[in-house]
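Since the structure comes first, as C-alpha cells, the remarks are kept for the end.
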Amino acid sequence: MTATHRNLLWLPLARFERDAVRSALQRSGLRSDDVDVDAPGRWFWRFEEDDVPVGFGGIEVAGDAGLLRLVTLPLVRHRGLGGAMAEALEGEAVALGCKDLYVAPSGEDAFFGDLGYAPCPPDALPPAVAARFPGAAAAVMTKRVG
Ligand SMILES: CC(C)(COP(=O)(O)OP(=O)(O)OC[C@H]1O[C@@H](n2cnc3c(N)ncnc32)[C@H](O)[C@@H]1OP(=O)(O)O)[C@@H](O)C(=O)NCCC(=O)NCCS
C-alpha cells in the first residue's frame, strides 16, 4: 500500500491463526511466548503481497504506548517490505490509540533509525513498556506516531 508496495495487504490474525507468527518470531530470535496469550490489546497481522505471505507484525497496546514487533520473511528481505510494513503498523497503532511506539531493535538499529525511531533512555520508558522488555530496556528505540 506504499508507493513501492502498492499491493501490500495486512490481515489481523485471531489467536487460533497465530502459529506461523510464533514460528517466524522464534526463528528471528524475537519474543514469541506471548503470541496466543489471551490478553487485551495484543494484535498480530500477516502481511501479503500479491497473495504471497511476506511477513508478520505485532502491536501490544499499553495505555497510549505501543510495543512493535516486525518480521520480514527471510527470502524477501531488503526489498523495502520491512519499511512498508512498519508504516502500515504505525497507522494501525495510531488507530489503536497509541501516541508512541517502542521497539527492541534486535540489532536492526539502522533500519529503525532510518524510519525515524530514536534510542530511548531506560529511565524514560513507561513502566508498562519497561516491564515487557526484560533485559533489553537499554536498547529500546521509540517514535512518536500519534
Ligand atoms: C528488520 C527487518 C524487519 C527488515 O525487513 P526488510 O524487509 O529487510 O526491510 P527493508 O527492506 O525495508 O529495509 C532493510 C534494509 O534494506 C535496505 N533496502 C530497502 N530496499 C532495498 C532494495 N530494494 N534493495 C536493497 N536494499 C534495500 C534498506 O535501506 C534497509 O537498510 P538498513 O537496514 O541499513 O536501514 C528484517 O530484517 C527482519 O525481519 N529481521 C528479523 C526480525 C527483527 O529483528 N525485527 C526487528 C525487531 S522487532
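The values are calculated or read from the model by the stated rules, or taken from the named source; none is laboratory data. Owing to the predicted nature of the structure, the values given are computational and were not obtained by experimental measurement. Here the Cβ is made from the backbone with ideal geometry for all residues, glycine too, and neighbour counts use every protein chain on show.
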Completion exercise
Of (1) surrounded by fewer than 18 Cβ atoms within 10 Å (Cβ to Cβ); (2) in contact with a helix residue (DSSP H, G or I) (Cβ under 7 Å, 6 or more places away or on another chain); (3) among the polar types (S, T, N, Q), SER23 satisfies every one except (2)
Exercise for the section: Test ARG6 against the criterion of being buried (at least 17 other Cβ atoms within 10 Å of the Cβ) and of a type in the set (D, E, K, R), and give yes or no. Expected result: no
Problem - For GLU90: the one exception among (1) at pLDDT 95 or above; (2) under 18 Å from LEU30 (Cα atoms) - result: (2)
Handout entry: Criterion (β-branched (Val, Ile, Thr), over 20 Å from CYS98 (Cα atoms) and within 15 Å of the chain's Cα centre (by Cα)) met by exactly one of VAL35, VAL71
Key = VAL71
Exercise for the section: Look through the stretch 18-38, keep the residues that are more than 16 Å from the ligand (Cβ to nearest atom) and without any contact (Cβ under 8 Å) to a residue 12 or more places away in the chain, and return whichever of them is farthest from LEU67 (Cα to Cα). Expected result: ASP19
Practice task
Please work out which residue is nearest to the ligand (Cβ to nearest atom), limiting yourself to the stretch 65-95 and to residues that are surrounded by fewer than 18 Cβ atoms within 10 Å (Cβ to Cβ) and within 15 Å of GLU48 (Cβ to Cβ).
Solution key: ARG79
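So which residues in the stretch 39-57 are under 23 Å from GLY97 (Cβ atoms) and either in contact (Cβ under 8 Å) with a residue 24 or more places away in the chain or surrounded by 14 or more Cβ atoms within 10 Å (Cβ to Cβ) (or both)?
Applying the first criterion (under 23 Å from GLY97 (Cβ atoms)) to the stretch 39-57 yields 39-47, 56-57.
Within the stretch 39-57, GLY41, ARG42, TRP43, PHE44, TRP45, ARG46, PHE47, PHE56, GLY57 meet the criteria.
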Practice task
Report, by residue number, each residue of the stretch 1-17 that is touching a strand residue (DSSP E or B) at 6+ places or on another chain (Cβ under 8 Å) and part of a loop (DSSP other than H, G, I, E, B).
Solution key: MET1, THR2, HIS5, ASN7, LEU13
Exercise for the section: Test GLU60 against the criterion of being in contact (Cβ under 8 Å) with a residue 24 or more places away in the chain, under 21 Å from ALA130 (Cβ atoms) and in contact with a Leu (Cβ under 6 Å, 6 or more places away or on another chain), and give yes or no. Expected result: yes
Handout entry: Hits in the stretch 102-146 (condition: charged (D, E, K, R) and part of a loop (DSSP other than H, G, I, E, B))
Key = GLU108
Exercise for the section: Considering only the stretch 106-135, state which residues are in contact (Cβ under 8 Å) with a residue 24 or more places away in the chain, surrounded by 15 or more Cβ atoms within 10 Å (Cβ to Cβ) and within 18 Å of ALA62 (Cβ to Cβ). Expected result: TYR117, PRO126, VAL129, ARG132, PHE133
Completion exercise
Matching residues in the stretch 39-64 (charged (D, E, K, R), closer than 22 Å to ALA136 by Cα and away from the ligand (no atom under 16 Å from the Cβ)) number 1
